[in-house]
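Take a look at the structure set out below.
The values are calculated or read from the model by the stated rules, or taken from the named source; none is laboratory data. Computed from a predicted model, the values in this text were never measured in an experiment. Heads up, the Cβs are rebuilt from the backbone with ideal geometry, glycines too, and the neighbour counts pull from every protein chain shown.
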Amino acid sequence: MCYAVVNTSLEHNLFKEWDYLGAVAWMRATLWDFYANILVIYVWICYKEKNWLWKIVWLILLITLGSLASCAYVLIQLFRLKDKEGLKEFFGRQNG
């Protein structure tokens, strides 16, 4: 994913091509899909994180890095699990 984003960014300037891309229905649908997913993941992060600073940091990371940030957050939460903990703790336990 990192390679795809960097390579595409180097080959095509999104800001220069936005007039064309914004007119494509699939591009608009993809953006709506992306931000809907970000909203769902961010609501979960807001529940999990007690510290407002971390909530803001994760919002910025989600918006700028997309799936890379969401995968990183999930991996961090998985590595925080202790032996014998499962999905209940993964989804429901708040971070200290």
Selection from the range 14-50 of residues that are closer than 30 Å to Val74 by Cα and not in a helix (DSSP H, G or I): Glu49, Lys50
Residue that is farthest from Ser67 (Cα to Cα), among those in the range 3-35 that are among the charged types (D, E, K, R) and surrounded by 10 or more Cβ atoms within 10 Å (Cβ to Cβ): Glu17
How many of the residues in the range 13-71 are within 18 Å of Met1 (Cβ to Cβ), among the hydroxyl-bearing types (Ser, Thr, Tyr) and either over 12 Å from the mean Cα position of the chain (by Cα) or at pLDDT below 90 (or both)? 3
